1. State the extension gain, in nm to one decimal, for the chain segment bounded by residue 170 and residue 54, taking 0.36 nm per residue of separation less the distance between their alpha-carbons.
2. Compute the FRET efficiency between residue 39 and residue 92 as 1/(1 + (r/R0)^6), taking r as their Cβ-Cβ distance and R0 = 30 Å, and round to the nearest 0.05.
3. Under a cut-off of 17 Å between alpha-carbon atoms, report the aspartates and glutamates in cross-link reach of residue 182, not counting same-chain residues fewer than 8 places apart.
4. Here are several values of percent of Cα pairs over 23 Å apart: (i) 40; (ii) 32; (iii) 55. Which one was derived from the coordinates shown?
5. Accessible area of the chain with a 1.4 Å probe: how many percent of it is carbon plus sulfur?
6. Of 10/141; 10/128; 10/186; 8/81, which pairs sit farther than 25 Å apart, going by alpha carbon to alpha carbon?
7. How would segment 99-187 be classified by its alpha-carbon gyration tensor: rounded, prolate or oblate, with rounded meaning a/c under 1.5 and the a/b versus b/c comparison settling the rest?
8. Quick one: 3J(HN,Hα) in Hz for segment 21-35, Karplus 6.51/-1.76/1.60 with θ = phi - 60°, rounded, Gly and Pro as x.
Amino acid sequence: MSAFEVEKLKLEGSYLIHNFYSGDNRGEFEKFFEREIYAARGIPFTLNETFATVSSRNVIRGMHFQINSPQAKLVSVLQGKVWDVIVDLRPDSDTFRQWVGVELGGDSHKSLYVPRGFAHGFFSLEDKSIMLYQCQGPYHKETDTGIRFDDPDLGIRWPVSPEAAIHSERDLGLMSFQDYLKNPMKL
């Protein structure tokens with residue numbers, strides 16, 4: 001059995017969470033979120049929506065966010081393995097425009113806390129990687145957007161060449177970082 005542990009990442013306000021996990025001869029149990037435990041560790045997160053994605057190997061999704069009322073997210077991998085990336089898009093932050101990538105897997109028992117004001121994306125390292133998203137704040141379809149995963153101003157180093165990855169048409173049409181600067185997120 002292991003308790004929640006919180007590891008601060010280099011981007012201000014972001015955390016890698018070591019989830020509560022227990023396993024025995026019956027199987028396994030993993031807790032991804034408990035409001036009181038998160039609050040005691042300085043993470044003010046409440047849940048508004050939950051959803052999952054299933055991705056094939058070599059898929060890159062991202063870098064996504066909402067322009068108006070951006071959501072905070074707690075992302076976890078239930079099955080498979082991904083290389084998860086966040087970018088600080090808060091212009092007044094000391095870590096503005098910096099990114100960090102962490103590997104999350106169904107057997108790692110870790111979650112990534114993505115604060116409001118960050119873009120999020122990932123690269124699927126295995127087939128049928130299932131991501132669980134727990135989001136704080138309402139979803140606004142009208143302002144759901146992102147910055148291209150391969151934008152040179154962000155300089156994200158993906159574990160695959162962008163040409164070898166699988167992308168959606170939506171992600172290929174996302175804005176550049178320079179366009180984002182003209183209309184940044186409204187926190």
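1. Using 0.36 nm per residue and subtracting the Cα-Cα distance, I get 40.1 nm.
2. E between residue 39 and residue 92, to the nearest 0.05, is 0.75.
3. 88, 92, 144, 151, 153
4. (i)
5. Values: 4500 of 9280 Å².
Of the solvent-accessible surface of the chain, carbon and sulfur hold 49 percent.
6. 10/141; 10/128
7. oblate
8. Karplus-based 3J(HN,Hα) across segment 21-35 equals 9, 8, x, 8, 5, 7, x, 9, 9, 9, 9, 8, 7, 8, 3 Hz.
The values are calculated or read from the model by the stated rules, or taken from the named source; none is laboratory data. All values reported here derive from a predicted model rather than from experimental measurement. In this analysis, Cβ positions are derived from the backbone assuming ideal geometry, glycine residues included, and neighbour counts consider all displayed protein chains. Note: accessible area is taken over every heavy atom of the protein model, side chains too, but ligands, DNA and RNA are not part of it. Shrake-Rupley method; radii C 1.70, N 1.55, O 1.52, S 1.80 Å.
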